[in-house]
Amino acid sequence: MRHIPKLSFWRMAGVAAVAALFVAACGSTTTTPKTTSGGTVTFAEGPSAPPSYIFPMASGTYFSVTNLSDFSQLMYVPLYWFGNTSSQPVFNSALSIGNQPTFSDNNTVVNITLKHWEWSNGQPITSKDVIFWLNMLSAATDPNAPAVGSSSAPGPGWGAAVPGAFPQNVVSYSSTGEYSLTMKLNSSYNPTWFLYNELSQITPLPQASWDELSSSGPVGSYDATAEARVALPNTSPAEYVPSDPGTGTSGALGVAQFLNSQSQTLGTYQTNPLWQVVSGPFVLKSYTTAGYVKMVPNKNYSGSPKPTISAFVEEPFTSDTSEFNALKAGSLTIGYIPTQDITQKALLEKSGYTFNPWYDFGFVYFPYNFTEPTTGPIMQQLYFRQAFQSLVNQQQYIKDFLAGYGVPTNGPVPTYPPGNPDASPLESKGMVYPYDPTKAVSLLRAHGWTVNPGGVSTCTKPGTASDECGKGIASGAQLSFRLLYAQGAVALTNEMEALQSTAEQVAGIKLTLSTAPFQQVIGTAFNGCTFSTPCSGWDMANWGGGWVYSPDYFPTGGEILATGASSNAGDYSIPTNDHNIQATHTAPNQTAELKALFTYEDYLAQQLPVVYMPSGPYQLTMYKSNLNGLTHQGIFDELYPQYYSFS
Amino acid sequence: MSAADPTANLPVAGALPEGGEGYRSGSMWRLILSVFFENRLAIVGLGIILFMLLFSFVGPFIYRTQQVFNNPNIAHLAPSLAHPLGTDQVGYDNLGRLMLGGQSSLEVGFAAAIIAVLVGVIWGAVSGLAGGIIDTVMMRIVDALLAIPFLVALILLGAIFTTSTLELIVVIGLVAWLVPARLVRGETLSLRVREYVQAVRVMGGSTRRVLFRHIIPNTVGVIVVNATFQVADAIIAVATLSFLGIGVPPPATNWGGELSNGLSYIYAGYWWLIYPAGLAIVLTVVAFNFVGDALRDALEVRLQRR
């Protein structure tokens, strides 16, 4: 899912062994401090990025760390939890509602059993609550479902949806007991991938409280319409969708749409009884539309450990500068140092804070809008993307804007820390397209462009031959693009200004910059832009981060770069890439799995489906030294306030 | 003393004329200028405005810097002979940046003030002259818009329009016309019952003639004074918008944007990114206020010494 960098940027990779080594290298020798219960932990939200969606089934527009990992997941625990307090990107059985699933029948059947957890209202969390999610997800991602509201997409959508993947690769699912269910798959799948990227999408929801079509109507079993499934024609292996997904006002789709509309009514969060039924360690106490969040412990939380703090507060900020002022004033328990203020680190440490960079498992990029009718054909040309990437001076951005905290991004799989076995030799070796302005100009000239450094380059040799501009590019077309980016983060602003300057000065690529709050940028970029429903309002959009691999914890990229994926912002669509991604899903063993992953990432390291930007820590965390439980931070940007206590 | 003596109207030392102190008579504009230049702060203000205009618009021809393409390799350099006010976060020369920012700030300031005054004067004069239901409706519209906080309206409009210098001018102008409209409407109410206005009407003069030949010219005092304050207000407005991130996109800049950028580095000690831009805004706004005050003194009949 997407998020905004706080201070600078984010992302770090690591599989369990590497992360463990890294943690060990940090010298985390700990002694058990004397702790007290109670106290309020105040956590700083990202600049101009307050949570704005509470329903866990978030569409692409709301599919962000801010809304999910740092907000709704504290109240609604996924069926399978990934990540732990040792910063390892692994399945965490202890924090999951479900036991580890088992696969049978040549990996075509999945058996799921639940622990005996309860909702905050005392009702048991049962297989019915899992099927409630599956029914709504099936309806919301059904390509044949009726459009809801003004959206051209069916239902409210799901940010992790990939056509042909979950739940369309599920032939049927049914309850086999109060705490168990089974799924039949349409093919044999790699169990690692299916657990880490497919089952990981499930969040049990309180069917007995939420299965309604309006606030005034009774709770029923409206979602059941979506349980019967039919195969989509002309799909191989056959893909399955609900035989009756419902409509915007009936059936499973109607329920999903009702909950979506309630989630969009921000002003009612703290009074709406829907959101008071939770499974997680915290329950919402107060919320303002400005983004102030106060959660208190869910006294009926079934997991362990139970929260000991009395409240967890999230504070909104319009900029990283205002956040840092609050940090300096000592009003934050957990905040971050913007990179431009890194010189203040020692001073803050003297005033009772501990410095702890927060690394995560993802990569930083921003997308091209390939569907844009005018500029899309230019960005579809590989030579253009190679030229543009050659103008991104990642090393300089790291040195001058990220205070040295970061590494260049070479492809879609994280390479940091060094030695991540998921990163291919090509990615680990270094950048395929390092900063090289001369090469950028040469590439453009070699493909029919008259380069006008300091001005705007134009296509003077239209056509589809190898030395011509390419398909869909007319004579006189200009290299002029609109680049929207998130406001509030100084490092991001500096990067965009530097890129704008270099691109125009060297290659005559004109970038017209504009800024907007984080939510507005992702709302623009993830607005269902496809070649059949193209978006013309933007050419490139940078929300300041990229992607943290959650809930696709195995970094195969299907949720962001496969054709038609909900979070494939600019609709990058190349059959070879789709085939490579598919191969990672069906690899029969670990060796084949790694080989398929390398093939996938090497291809995209060269194809440049997005603009790769430097990756660094999610944030340079500063936390009050008397706060326990924050030695390790979530590698998927998730929070663990149930572990916090004061000493 | 003969009747032809040009000093005949001057008071004789030790003897005051009937009615009090008297002064040499002259044209209205000479009198206005005389009163204006008696105000030392006005002269200081005028000097500062002239300096800022020269600094912003002539300065770049003398002190040539690269203000289109940045150079992060020389970011955050402290003031030196090569860069008298240092460099900023992406390597722009800060003195040159200040000149460029001044152009934008002053352009927006003047142009937005002109729009505000033009719209406000016509709206207020028409409302005051028409009277009745038209006046009521037009003034309630003004009242309703005035009830919206200035900053909120600016932010709202700034968020709707994409920001360029032209759009900033329009946005600020659209918000700022309300005050001149009220002032001119008040003046018009008192002018429309004057004898010369009545005379024009009796002689068959059109409403348009009354408005443009007799009402508006006689509100010029109010208009000119208000226009100077409008310029100052517009400069602050553009600085505020830019400070809040709704300014002109790079590589364009203005003083508010410069100040906002500089404040991000306040803890890094880069004072040269903060003080010059802040000082430029304060000095220019204060200067326009000095000039406005002096113009009011000079144009306001009750404050004139005659």
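At an R0 of 41 angstrom, the distance between the Cβ atoms of A:GLN276 and B:ALA144 translates into a FRET efficiency of 0.55. Among the aspartates and glutamates, select those whose C-alpha is under 14 Å from the C-alpha of A:LYS306, and discard any that sit fewer than 8 residues away in the same chain. Straight-distance partners of A:LYS306: A:GLU118. Remark: segment A:44-55, residue by residue, has Karplus-estimated 3J(HN,Hα) of 7, 6, x, x, 6, 9, x, x, 9, 7, 10, 5 Hz, where x stands for each Gly or Pro and the curve is 6.51 cos²θ - 1.76 cosθ + 1.60 at θ = phi - 60°.
Peptide B:95-101 has a mean of 0 when you count, residue by residue, the C-beta atoms of other protein chains within 10 Å of its C-beta. Excluding same-chain neighbours fewer than eight residues apart, the lysines reachable from A:LYS595 by a Cα-Cα span under 24 Å are A:LYS429.
The three principal axes of the C-alpha atoms in chain A carry coordinate ranges of 70, 66, 48 Å, sorted with the longest axis first.
Each of A:LEU213, A:LEU68 has some number of other Cβ atoms within 10 Å of its Cβ, and from fewest to most they run A:LEU213, A:LEU68.
For chymotrypsin sites (Phe, Trp or Tyr not before Pro), the sites in segment B:102-176 that DSSP calls loop and that have at most 15 other Cβ atoms within 10 Å are B:PHE161.
If I take R0 = 25 Å and measure r between the Cβ atoms of A:LEU594 and A:SER188 in this structure, what FRET efficiency does the formula 1/(1 + (r/R0)^6) give, to the nearest 0.05? In this case the efficiency is close to 0.85.
With 0.36 nm allotted per residue and the present C-alpha distance subtracted, the A:SER216-A:THR36 stretch has 60.4 nm of extension available. Sorted from greatest to least, the principal axis extents spanned by the alpha carbons of segment A:98-266 come out as 47, 42, 25 Å. Residue by residue along A:615-628, Cβ atoms of other protein chains within 10 Å of the local Cβ number 0 on average. Taking segment A:452-533, which trypsin sites (Lys or Arg not before Pro) meet the DSSP loop condition and have no more than 13 other C-beta atoms within 10 Å? Qualifying residues, ordered by number: A:LYS471. Extending 7 Å from Cα along the Cβ direction at A:SER243 and again at B:ALA82 yields two label points whose distance is 7.8 nm. The mean count of C-beta atoms from other chains within 10 Å of the C-beta of residues in A:333-343, rounded to a whole number, is 2. Ordering A:ILE398, A:ILE54 from the fewest to the most neighbouring beta carbons within 10 Å gives A:ILE398, A:ILE54.
Amide H to amide H distances under 5 Å link A:THR318 with A:SER48, where only residues 5 or more positions off or on other chains count and H is placed in the peptide plane. Could you calculate the FRET efficiency of B:LEU50 with A:LYS285 from 1/(1 + (r/R0)^6), where r is the beta carbon distance between them and R0 is 60 Å, rounded to 0.05? Rounded to the nearest 0.05, the efficiency is 0.50. Normalising by residue count, segment A:375-496 has a Cα convex hull of 132 Å³ per residue. Protection proxy ranking of A:93-102, A:272-281, B:194-203, by the mean of other Cβ atoms within 10 Å over each peptide's residues and highest first, is A:272-281, A:93-102, B:194-203.
Sequence-distant contacts, meaning Cα pairs under 8 Å at least 6 residues apart, place the relative contact order of segment A:98-266 at 26 percent. To make sure I understand the rule: partners must be lysines, Cα under 29 Å from the Cα of A:LYS350, and not fewer than 8 residues away in the same chain. Which ones qualify? Partners within reach: A:LYS6, A:LYS34, A:LYS294, A:LYS328, A:LYS399, A:LYS624. Screening chain B for whole DSSP H helices with an alpha carbon extent of at least 18 angstrom along the helix axis and a mean Kyte-Doolittle hydropathy of at least -0.5 yields B:40-53, B:94-130, B:132-146, B:178-191, B:220-243, B:275-299. For segment A:463-540, the set of chymotrypsin sites (Phe, Trp or Tyr not before Pro) satisfying both a DSSP loop assignment and a count of at most 15 other C-beta atoms within 10 Å is given as A:PHE531. Label point 7 Å out from A:THR576 along Cα-to-Cβ: which residues of segment A:583-605 have amide N under 17 Å? Those under the cut-off are A:583-584, A:596-605. Most tightly packed first, judged by the mean number of other beta-carbon atoms within 10 Å of their residues, the peptides A:385-393, A:443-451, A:487-495, A:123-131 read A:487-495, A:385-393, A:123-131, A:443-451. Here the extension length gained between A:LEU382 and A:SER93 equals 99.7 nm, from 0.36 nm per residue of separation less the Cα-Cα distance. Shown in residue order for segment A:310-323 are the 3J(HN,Hα) couplings computed by the Karplus curve 6.51 cos²θ - 1.76 cosθ + 1.60 at θ = phi - 60°: 8, 7, 10, 10, 10, 9, x, 9, 7, 8, 5, 5, 5, 5 Hz (x for Gly and Pro). Sorted fewest first by neighbouring Cβ atoms within 10 angstrom, B:ARG192, B:ARG140, B:ARG209 come out as B:ARG140, B:ARG209, B:ARG192.
Taking every DSSP helix (H) stretch of at least 4 residues in chain B, weighting each as -39,500 (n - 2.57) and dividing the sum by the residue count yields a mean residue ellipticity at 222 nm of -20000 deg cm²/dmol.
Bear in mind that the values in this text are calculations on the coordinates, not laboratory data. From a predicted model like this one, the values you see are computed outputs, not experimental measurements. Here the Cβ is made from the backbone with ideal geometry for all residues, glycine too, and neighbour counts use every protein chain on show.
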